[in-house]
1. Using a probe radius of 1.4 Å on heavy atoms only, what accessible surface per residue do you get for the chain? Whole Å² is fine.
2. Once you place label points 7 Å from the Cα toward the Cβ at Asp301 and Gln220, how far apart are they in nm?
3. Looking at the range 140-283, what % of its DSSP beta bridges pair antiparallel, to the nearest 5?
4. I want the antiparallel fraction of DSSP beta bridges within the chain, as a percent rounded to 5.
5. Taking all protein chains as present, what is the carbon and sulfur share of the accessible area of the range 36-143, in % to the nearest whole number, probe 1.4 Å?
6. Sequence neighbours fewer than 8 away in the same chain don't count; with that in mind, list the lysines whose C-alpha is under 22 Å from Lys125.
7. Quick check: net charge around Ser33, other residues with Cβ under 9 Å of its Cβ, Lys/Arg +1 and Asp/Glu -1?
8. Among Ser295, Ser49, Ser308, determine the one that fluctuates most according to a GNM of the chain built with springs between C-alpha atoms less than 10 Å apart.
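The values are calculated or read from the model by the stated rules, or taken from the named source; none is laboratory data. Since the model is a prediction, treat every value here as computed from it, not as a measurement. No Cβ is skipped: glycine too gets one built from the backbone with ideal geometry, and neighbour counts run over all protein chains shown. Surface areas here come from the heavy atoms of the whole protein model, side chains and all, with no ligands, DNA or RNA. Shrake-Rupley method; radii C 1.70, N 1.55, O 1.52, S 1.80 Å.
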Amino acid sequence: MTRSVTEILGTKYPLIQAPMSWVTDARLVAAVSNAGGLGVLGPNAGQTSVTNDPVLTAERMRQELRMARTLTDRPIGLNILTPEPDQSVADNIFTAALLKMAYEENVHHFAVVGSAHEELFADIKAHGGILIFRPLTPTVAQMRAGQRLGADILVATGSDEGGVMPHQDFGTFTVVPAMVDAVSTPVLAAGGINDARGVRAAFALGAQGAYIGSRFLMTQESPMSDAAKAAVLKAHFSDVLRVSPTQRSVKTPAALKYASRYRNNPDAVLDREISINGGLRPGMLLGDFERGIISVNNGVDTINSLPSVEALIRELMA
């Protein structure tokens with residue numbers, strides 16, 4: 001018999017906090033884990049400065065992980081980005097360095113994002129890891145590949161999400177039931193889930209839990225800047241702009257410029273430009289809206305408060 005999500009994760013609730021670049025830290029993920037979900041450290045967790053050194057990146061993550069463990073004795077996850085399909089794990093020096101650190105620190109929960117990668121999955125499983133696989137673009141083929149390669153939990157993401165969206169414009173209500181029907185591994189729903197109604201809808205679509213990002217940024221423990229939080233609280237879905245082929249943003253001066261260019265040239269390489277300009281760091285972490293965007297899901301109208309993580313999870317899982 002298939003184990004439940006809570007049995008697999010060792011959590012009270014079938015709920016995972018999505019690992020978002022620059023805007024997670026020890027305090028946030030520990031709060032999520034303490035409240036019954038799985039907190040996950042995302043890329044550059046707890047950092048404000050940029051480094052291109054994989055060893056330093058891994059060591060900074062080690063310190064953030066250790067700090068989180070002083071705040072909770074519950075499971076904590078680590079985000080791992082998959083190498084390209086034609087790359088080995090060793091070829092991706094950042095992934096290799098993070099994995100080495102994670103094994104040394106006895107991390108057991110890995111939120112793996114990208115495309116199914118046989119060597120990576122085998123390596124994590126050989127080290128006793130619990131593998132949560134979120135295909136960046138969910139397809140039946142990717143979900144089945146993840147299942148075949150040993151993923152313990154799969155995540156079906158609709159284009160309603162914040163962050164980097166799938167390379168296909170199918171919403172959560174389309175994607176989740178299709179992916180659930182394609183595999184026997186437990187599936188979590190992601191994309192636009194901000195309140196208990198969204199969680200109940202995820203279960204109704206056949207998911208066995210929820211994988212939530214944007215809503216956790218709008219909490220007291222979130223490291224997102226106060227200015228960015230205020231902008232999200234004021235925003236409506238009509239204020240959310242498409243700024244690149246795979247990203248959205250609340251209106252900021254930078255977002256308006258990106259959106260104008262995207263409308264005039266949908267094929268523009270804006271994702272790379274946003275990344276070069278700091279990704280989510282300028283706008284969401286530092287509150288610099290002249291340079292940065294504020295990524296959020298399409299359900300921004302249902303984000304209208306800044307609760308504690310504990311209160312939010314209690315409401316989500318009511």
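1. Each residue of the chain exposes 41 Å² on average to a 1.4 Å probe.
2. Once both label points are built, they end up 2.9 nm from each other.
3. Numbers: 4 of 9 bridges.
DSSP beta bridges in the range 140-283 are roughly 45 percent antiparallel.
4. Numbers: 5 of 30 bridges.
Just about 15 percent of them are antiparallel.
5. Values: 2530 of 4590 Å².
Of all accessible area on the range 36-143, carbon and sulfur atoms account for 55 percent.
6. Lys100
7. Values: positive: Arg74; negative: Asp73.
Local charge sum for Ser33: 0.
8. Greatest mean-square fluctuation among the candidates belongs to Ser49.
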